[in-house]
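The values are calculated or read from the model by the stated rules, or taken from the named source; none is laboratory data. Computed from a prediction, not measured in an experiment: that's the story for all the values here. Neighbour counts are summed over all protein chains in view; Cβ atoms, including those assigned to glycine, are modelled from backbone coordinates with ideal geometry.
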Amino acid sequence: MLVLNDISKQFGGVRAVSNVSFEVPAGQVRGLIGPNGAGKTTLINLISGLLTPSSGTMSLEGDILDGTGAAARTRKGIARTFQNLRIFENLSVGQNIEVAQITARSEGHEDSIAIGEAVERFDLAGKLRMPANALSYGHLRRLEIVRALALNPKVLMLDEPAAGMNEQETEELAEALDWVKTRFGCATLVIDHDLKFIMTLCDRITVLNMGAVIAEGTPREITTNQDVIDAYLGEDHSNAA
Amino acid sequence: MIRLSASQRSGLVGAALLAAVLVAVGVATLYFGSRYQIRLVYSAYVNLIVVLGLQVFMGNARITNLSHSAFMGIGAYAAALCVTPENIKKISLPAAPWGLADFSLDPVLSAAIAIAITAVLAFLLGLFIVRLTSIGATIVTLAVLVIVHAVFLYRTDIFKGNQAFFGIPQVFDLAWVVGIAILAVIVCRLFRESRWGIQLRASADDEVGAAAMGVEIYKLRLIAWVLGAVILAVAGICYAYFLGTISARPFYFNHVFLTLAMLILGGMRTVTGAVLGTFLISFGLEGVRYLETGPVLLGIELPEALGLSGIALGAVIVLTMAFRPTGIMGNREIETLFARKTF
């Protein structure tokens, strides 16, 4: 279980994340939504160790994460994808996945059969020997997810995984991520602006605005929350839901 | 039993193909070459080992290193100090401190000590260099080159500066350097395709992305840096053990520039690129040097053009960077040229 306790991040005079606390147990998919600049990606950067919190603590399965860097947190079981793709473009698709598998093996994990299944599921099976920079944008997004899964993570964080995808691709992605939830059983944190995608996929949702949590609950509770409607969803969406 | 990954097995196939080329050139020179040509090819193979040492760090971490000739020099001088007979050192280094003129060791032990000294120095420097940004690291390697050269030049009691350090036993011939170059090719290919090599190349593509994949970037850079320095020391030893005489000048800017041009032309990301670039420039420069002398070609007497080889090297770097920044080979190793497209 990933536990965040009173996490804040200050950039000079700007408080990007303010006293955020929540838990993501294994097997749960938690959505993180909010308007642009709400602090969602900053929060993921704090959890993955790319940024250091100004205050607060976080732990993974009781293991305190404070003071550990990005690579060390990955080795403890925190995997992520990026809003702006960070593919190793001069490696092949297979080698991109191997980079993660090397880390997983060094942490004592056997090569998982589930990774082979994930490669199939995310439509990368016939593309393993291709240079990564020859993949389409949608497949690059899929590769980032499979690469993160190859770490054998306890926590998987997906930063706008459906960004740039068309409706059909987004639906396929939602199905594949639903399969990931069952097959891998890791705690998952998802940021996305596609509310249909988030509402379909997530068990619980945390809404951020101006760095602070303004609501937390099931998708149904979130769509009827007046604070969320005012700050992010708007009346139209609320009526549609 | 060592288990090789699919990438490493493919790397060994590539290394075998390159080895076949190296053996063919070596054997042809040995049997049909003049003394001058044997010397020329020996020099090309020493430069190849240097370029391979450069490729291990620069090609995989993609941080420009300008200190490689200094590490070659450290290897050459350390081996020379150990292996040169006492009676010669007493004449050539009469003021040598710390009893350096009072002993001599066999060539193998001397080479081992030289490699160990170079590796330790590289490790200590590497602890600092691998944490710097790309441009910062490059500037520091340039400073290292200048400092080491200054030490060679001004500690004449140990290194004899620009004077010849003579009397080194000439224990190597062309067959030796061909064998060592092949070994260096195999080591470089295995490293490139190893888990360290793949993760290091990933970090060169995207440092943040690599950290998020659990890659210990500084550790991997340090391993490549030290391995590169060891290969450079071996090149220095090959140089000293063939010529029997060394001085400070060959381990400075001209050599840095020459070997850098070789790696850039062939393509720094691949071992095949290192081999190709070395051969093209080594043998191409011979043609340019011939033109420098003002020969008569097709009845036309060409003017003397001293310095043409320097211009040609500069042009190679400028043109490669302008039109094919990844070099001739780009990301392709030799075995991929023979593989069928499978996608």
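Some observations on this one:
- Options B:163, B:170; residue that is in a loop (DSSP other than H, G, I, E, B), over 22 Å from the mean Cα position of the chain (by Cα) and more than 14 Å from chain A (Cβ to nearest Cβ): B:163
- Restricted to segment A:149-171, and to residues there that are part of a helix (DSSP H, G or I) and touching a helix residue (DSSP H, G or I) at 6+ places or on another chain (Cβ under 7 Å), the residue that is farthest from the other protein chains (Cβ to nearest Cβ) is A:170.
- Filtering B:308, B:291, B:319, B:276 for residues that are under 23 Å from residue B:181 (Cα atoms), away from chain A (no Cβ under 14 Å) and of a type outside the set (D, E, K, R) leaves a single hit, B:276.
- Looking only at segment B:168-182, and only at residues there that are touching a residue at least 60 places away in the same chain (Cβ under 8 Å) and small (Gly, Ala, Ser), the one that is surrounded by the most Cβ atoms within 10 Å (Cβ to Cβ): B:181
- Segment B:325-343: number of residues that are under 22 Å from the mean Cα position of the chain (by Cα) and either touching a residue at least 24 places away in the same chain (Cβ under 8 Å) or more than 14 Å from chain A (Cβ to nearest Cβ) (or both): 9
- Residues of segment B:277-305 satisfying the condition of being small (Gly, Ala, Ser) and either in a helix (DSSP H, G or I) or surrounded by 12 or more Cβ atoms within 10 Å (Cβ to Cβ) (or both): B:277, B:282, B:284, B:287, B:294, B:305
- Scan of segment A:187-216 for residues that are under 20 Å from residue A:227 (Cα atoms), under 12 Å from the mean Cα position of the chain (by Cα) and not acidic (Asp, Glu), ordered by number: A:191, A:198, A:202
- Of A:128, A:135, A:85, all but one fail to be touching a Leu at 6+ places or on another chain (Cβ under 6 Å) and either acidic (Asp, Glu) or farther than 24 Å from residue A:182 by Cα (or both); the exception is A:85.
- Those helices (runs of 4 or more DSSP H) lying entirely in segment A:11-130 with at least 3 residues within 23 Å of residue B:205 (Cα to Cα) and either among the hydrophobic types (A, V, I, L, M, F, W, C) or within 14 Å of chain B (Cβ to nearest Cβ) (or both): A:40-48, A:70-76, A:93-106
- Of all the criteria given as (1) modelled with pLDDT of 90 or more; (2) over 28 Å from residue A:123 (Cα atoms), the one not satisfied by residue A:209 is (1).
- Any hit, segment B:306-327, residues being buried (at least 16 other Cβ atoms within 10 Å of the Cβ), among the small types (Gly, Ala, Ser) and on the phi < 0 side of the Ramachandran plot: yes
- Residue B:269 touching a Gly at 6+ places or on another chain (Cβ under 8 Å) and in a loop (DSSP other than H, G, I, E, B): yes
- Those residues of segment B:183-208 which are more than 17 Å from the chain's Cα centre (by Cα), surrounded by 24 or more Cβ atoms within 10 Å (Cβ to Cβ) and more than 30 Å from residue B:146 (Cα to Cα), in sequence order: B:193, B:198, B:199, B:202
- Residues located in segment B:188-218, provided they are over 24 Å from residue A:83 (Cα atoms), in a helix (DSSP H, G or I) and more than 9 Å from chain A (Cβ to nearest Cβ): B:188, B:189, B:190, B:191, B:192, B:193, B:197, B:218
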